[in-house]
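The values are calculated or read from the model by the stated rules, or taken from the named source; none is laboratory data. A quick note: this is a predicted structure, and the numbers were derived from the prediction, not measured. Reconstructed Cβ throughout: ideal geometry from the backbone, glycine too, with neighbour counts over all protein chains shown. Surface areas here come from the heavy atoms of the whole protein model, side chains and all, with no ligands, DNA or RNA. Shrake-Rupley method; radii C 1.70, N 1.55, O 1.52, S 1.80 Å.
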Amino acid sequence: MHLVVDALGLPLIFQITEGQRHDIQPAKELLSKAGSLCLLADKAYDSDDLRNALTAQGCTAVIPSKVSRAQRLPYDKELYKARSEVECTFNLLKQARRFATRYEKTLRNYAAVVTIGCALLWLRI
């Protein structure tokens, strides 16, 4: 489950992929659809390719460098603290058991459950 949220933690775009797929693979497509001005992401998204794509879109990358990176890149640590909104959004969605355990066998049905969960977050019910 890949999710783009706004500054308030409200879901904007999501994409469902296989469990073994790395987070960075669908990231460029999702971010181009979102049209964000700033990306707060964890170390899994630290790649030169993604950073270059974000710069081309005019988006600021607030991503800490991986431990394996030879030269650490600077990032705004205070702004990075706001990334907890993403984790809180996932936490709210996972309170619904159907979302957390993925009972649905088809992608269409699971996407419907995710859509309903995202709509409920927008409504704050």
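With respect to the conditions (1) closer than 21 Å to PHE14 by Cβ; (2) touching a strand residue (DSSP E or B) at 6+ places or on another chain (Cβ under 6 Å); (3) aliphatic (A, V, I, L, M); (4) part of a helix (DSSP H, G or I), LEU79 falls short on a single one, namely (1). Apart from one condition, ARG97 fits all of (1) at pLDDT 90 or above; (2) loosely packed, with under 15 Cβ neighbours inside 10 Å; the exception is (1). Contact map, the stretch 64-89: residues that are in contact (Cβ under 8 Å) with a residue 60 or more places away in the chain paired with residues that are acidic (Asp, Glu) and not in a helix (DSSP H, G or I), Cβ distance under 9 Å, separation 6+ or inter-chain. Pairs shown: GLU85/ASP6; VAL86/ASP42. A Cβ distance below 7 Å, combined with a sequence gap of six or more or placement on separate chains, defines the contacts here; from the stretch 102-125, residues that are closer than 16 Å to PHE90 by Cβ reach residues that are modelled with pLDDT of 90 or more and not hydrophobic (A, V, I, L, M, F, W, C) in the pairs ARG102/TYR110; CYS118/PRO11; LEU121/PRO11; LEU121/THR89.
Restricting attention to the stretch 67-89, the residues that are open to solvent by 60 Å² or more (accessible area, probe 1.4 Å), over 13 Å from ALA7 (Cβ atoms) and among the basic types (Lys, Arg) add up to 2.
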